[in-house]
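Right, one structure below, let's go through it.
The values are calculated or read from the model by the stated rules, or taken from the named source; none is laboratory data. Everything quoted here is computed from the prediction, not taken from an experiment. Reconstructed Cβ throughout: ideal geometry from the backbone, glycine too, with neighbour counts over all protein chains shown. What goes into the accessible areas is simple: the full protein's heavy atoms, side chains included, and nothing from ligands, DNA or RNA. Shrake-Rupley method; radii C 1.70, N 1.55, O 1.52, S 1.80 Å.
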Amino acid sequence: MKLWELYKSGTWVEPFLMLSIGLFIITSIILYVLIISSRSRNIRRNRRLTDYNKIIENLMFSVVFQDMPFSEVKKDENFHRLMNNTFFREVLIDSIMNLHKNYEGNYAEKLERFYKDSGLIKDSFKKLRSLRWEVKCKGITELSEINCADAFDRIIKASQGGNKILKITAVNAAIKLGGTKSIIYLIKYSYPIDDWTQINIINAFKKHDIGDTKGVELLLESQNTTVIALGLKLIKELKLTQKIPYVTKLVANAPNTLIKYEAQNLLQILTVK
């Protein structure tokens, strides 16, 4: 009753309006400050990015085309100072990755050597240990791009994670680094491999042009029917006619009707003259 009488009296209206206006003004000021602060940070970041790119461009030119060893690079006090800056290291890594995609042979080897000698490879391994899947993916991509074979076992372990994007990224990286060596781990894979993941795995084999296909037939012996299906699709896409005896054996010992039908269909495709 007291609350009802207070409501009818209208004495609460003025304090309520003043409080609402005050909160609105304070909120507006806070939002304005946050927007200005964010814009200022972005402007400073973009300026630093421009400056760093100029420095990195000159540095990479010296390393790749003028054969400057890292022992000479690290004598530069400015470079030594910048390497203690996390943002600079990240920009440098991205630059090396982009260059490595466009160069091969001796030039690519120089970039790989600089990446390891400078300690930037430790940054990628640190990302690989991250609990955040997107950070882990970035580390895996960097290590596979730079052909770090030492990361193979850790990348295989990461491929067993639950996140689909992480799984695909790790499997693709393992295929790039290990080729058909990665098949051994796929055979023992206990989780279902969906169609999207299978397509990505097949594309990885085709993209990296795995010349030695020895071991692909082992996928047909897996206890995981989705792995068997992947093996059949790989044999079909890569046109591996030398695997016909293994497909024939699968037809006779297929774990279910669907696999048997797919194997029979593949056998017909491979034996067509």
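Please list, in order along the range 142-149, the HN-Hα scalar couplings obtained from phi with the Karplus expression 6.51 cos²θ - 1.76 cosθ + 1.60 (θ = phi - 60°), rounded to whole Hz, x for Gly and Pro.
Those phi angles translate into 5, 5, 6, 4, 8, 6, 8, 5 Hz.
Once ligands and nucleic acids are excluded and a 1.4 Å probe is used, how much of I43 is accessible, expressed in Å² to the nearest 10?
Using a 1.4 Å probe on the heavy atoms, I get roughly 80 Å².
Run the dipole for the range 183-273 about the Cα centre, Lys and Arg Cβ at +1, Asp and Glu Cβ at -1, nothing else charged, and hand back the magnitude in debye, nearest 20.
Result for the range 183-273 is approximately 240 debye, rounded to the nearest 20.
Treating the Cα atoms of the range 183-273 as identical point scatterers in vacuum, please give the log10 of the normalised Debye intensity I(q)/I(0) at q = 0.19, 0.24 Å⁻¹, two decimals.
-0.84, -1.36
For labels at E72 and D195 in the simple 7 Å Cα→Cβ model, what's the distance in nm?
Placing both labels 7 Å beyond Cα along the Cβ direction yields 5.7 nm.
Working from Cα positions, state the angle (0 to 90°, nearest 10) between the long axis of helix 106-117 and the longest principal axis of the chain.
It is inclined by approximately 50 degrees.
Full-extension gain between N98 and K206, please, as 0.36 nm times their residue separation minus the C-alpha to C-alpha distance. Mind dumping the intermediate values first?
Details: separation 108, 0.36 × 108 = 38.88 nm, distance 2.15 nm.
36.7 nm is the gain from fully extending N98 to K206.
Averaged per residue, what accessible area in Å² does the range 147-254 show with a 1.4 Å probe, protein chains only?
For the range 147-254, the per-residue accessible area is 51 Å².
Could you rank W133, W196 by how accessible they are, 1.4 Å probe, largest area first?
W196, W133
If I ignore ligands, DNA and RNA and count only protein heavy atoms, how much of F16 is accessible to a 1.4 Å probe, in Å² to the nearest 10?
Ignoring ligands and nucleic acids, F16 comes out at about 110 Å².
How large, in percent, is the carbon and sulfur part of the accessible surface of the range 28-142 at a probe radius of 1.4 Å?
53
Which lysines, on any chain, are close to K110 with Cα under 18 Å apart, when same-chain ones fewer than 8 places away are left out?
Of all the lysines, those that pass the test against K110 - Cα under 18 Å, at least 8 places apart if same chain - are K74, K101, K122.
Kindly express, to the nearest 10 degrees and within the range 0 to 90, the angle between helix 86-102's C-alpha long axis and the longest C-alpha principal axis of the chain.
For helix 86-102, the angle is close to 30 degrees.
Report the accessible area of C137, computed with a 1.4 Å probe over the heavy atoms of all protein chains in place, in Å² rounded to the nearest 10.
Per-residue accessible area (C137): approximately 10 Å².
7 Å from Cα along Cα→Cβ at both R44 and T257: what's the point-to-point distance in nm?
6.8
Quick one: length gained pulling F65 to I30 fully straight, 0.36 nm per residue minus the C-alpha distance?
Gain on stretching F65 to I30: 7.5 nm.
How far apart, in nm, are two points set 7 Å out from the Cα along the Cα-to-Cβ line at A149 and at K54?
Result for the modelled spin labels: 4.2 nm.
Sort largest first and round to whole Å: the equivalent ellipsoid semi-axes of the chain, each the square root of five times a Cα gyration tensor eigenvalue.
Values: eigenvalues 524, 265, 37 Å².
Rounded to whole Å, the semi-axes are 51, 36, 14.
For the chain, take the longest principal axis of its alpha carbons; what is the angle in degrees between that and the long axis of helix 164-178, to the nearest 10 within 0 to 90?
Around 50 degrees separate the two axes.
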